[in-house]
Amino acid sequence: MITIDSLRIRKGRRVVLDGVTMHLPQNAVHGLAGEGRSALLHAVYGDLRPEAGSITEAGHPLQRREMSLLEADPHFWPGLTARDCIGLIRWFDRKVNPEALLRRFPVPLDKEAATLDAEARKHLGIILTLMRGKRILLLDEPFRELKPERIFVMQQLLLHLGSEGRTVLLASGRIAPLEGVCDDLYLLGEGGVRARYEHYELGRLERSGAPDNGGFAEN
């Protein structure tokens, strides 16, 4: 169980989240929507230091080495091709084979990663995040920039990850792609948790007028 307890996150002078508490069972896909979702992911990963509160697993501080983060807009070092980026991951673990992921999310391997268009950068970011094989996956806007057929591929992949024992925390500005994928959804707003929905409630939430085309406000 990952426990987020009374978390307060500040960006500059603005308090983004205050008093956020969540209990996230392992081996599940947890959705985050609403303002502050990205900041929460980065706090879990350790990029943002909370002003107050704690993030623990089984009573112990969550270890960054157990996690992998997909940025909403992945960026890469200039001069490295997509093949180079994949090679860096394989240098640490030669058993990792990216072929199946490349079939799902095609990338021009010999182009400079930093100059790829937004869709190809997202594909490469997804591949690199999953190649690391971490137990806890933090995915910031994994559906953004994907074409409809790739959104379906990503949904199927998320279902597989949850069933194989990974814990996924997924931030999305749209509700529609989360239906049938997330075990639960936390709706953030006004600095805290406005509501929590079970998986069977997501369809009703979407039909009630939750943001879809325009999406929730950015963090």
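The values are calculated or read from the model by the stated rules, or taken from the named source; none is laboratory data. Just so it is clear, the model here is predicted, and its values are computed rather than measured. Glycine also receives a Cβ, built like all others from the backbone with ideal geometry; neighbour counts cover every protein chain displayed. The area values use the complete protein model at the heavy-atom level, side chains included, leaving out ligands, DNA and RNA. Shrake-Rupley method; radii C 1.70, N 1.55, O 1.52, S 1.80 Å.
Which residues, taken from the stretch 109-128, are under 21 Å from residue 152 (Cα atoms) and outside any helix (DSSP H, G or I)?
117
Would the stretch 77-98 turn up any residue that is under 26 Å from residue 185 (Cα atoms) and assigned to a helix (DSSP H, G or I)? Reasoning before the result, please.
In the first step, residues of the stretch 77-98 are kept if they are under 26 Å from residue 185 (Cα atoms); the result is none.
Looking through the stretch 77-98, none of the residues is under 26 Å from residue 185 (Cα atoms) and assigned to a helix (DSSP H, G or I).
Check whether at least one residue in the stretch 194-203 is buried (at least 17 other Cβ atoms within 10 Å of the Cβ), within 21 Å of residue 135 (Cβ to Cβ) and either among the small types (Gly, Ala, Ser) or at pLDDT below 95 (or both), and report yes or no.
no
Determine if the stretch 208-217 includes at least one residue that is modelled with pLDDT of 90 or more, aliphatic (A, V, I, L, M) and either exposed (fewer than 15 other Cβ atoms within 10 Å of the Cβ) or assigned to a strand (DSSP E or B) (or both). Let's see the steps before the verdict.
First, pick out the residues of the stretch 208-217 that are modelled with pLDDT of 90 or more: none.
Within the stretch 208-217, none of the residues are modelled with pLDDT of 90 or more, aliphatic (A, V, I, L, M) and either exposed (fewer than 15 other Cβ atoms within 10 Å of the Cβ) or assigned to a strand (DSSP E or B) (or both).
For the stretch 16-39, enumerate the residues that are open to solvent by 60 Å² or more (accessible area, probe 1.4 Å) and either part of a strand (DSSP E or B) or within 16 Å of residue 142 (Cα to Cα) (or both).
Of everything in the stretch 16-39, those that are open to solvent by 60 Å² or more (accessible area, probe 1.4 Å) and either part of a strand (DSSP E or B) or within 16 Å of residue 142 (Cα to Cα) (or both) turn out to be 18, 23.
If I go through the stretch 115-169 residue by residue, how many of them are closer than 16 Å to residue 184 by Cα, out of contact with any Gly (no Cβ under 8 Å at 6 or more places or on another chain) and of a type in the set (S, T, N, Q)?
The qualifying residues number 2.
If we keep just the residues of the stretch 40-74 that are more than 26 Å from residue 202 (Cβ to Cβ) and of a type in the set (Gly, Ala, Ser), which is surrounded by the most Cβ atoms within 10 Å (Cβ to Cβ)?
53
Tell me the residue from 179, 164, 190, 149 that is surrounded by 14 or more Cβ atoms within 10 Å (Cβ to Cβ) and either of a type in the set (Asp, Glu) or more than 30 Å from residue 50 (Cβ to Cβ) (or both), please.
179
Looking at residue 95 and the list (1) modelled with pLDDT of 90 or more; (2) charged (D, E, K, R); (3) closer than 24 Å to residue 158 by Cβ, which single condition is not satisfied?
Here residue 95 clears every test but (1).
For the stretch 102-115, give me the residue count where each residue is within 16 Å of residue 147 (Cα to Cα) and either of a type in the set (A, V, I, L, M) or open to solvent by 20 Å² or more (accessible area, probe 1.4 Å) (or both).
5
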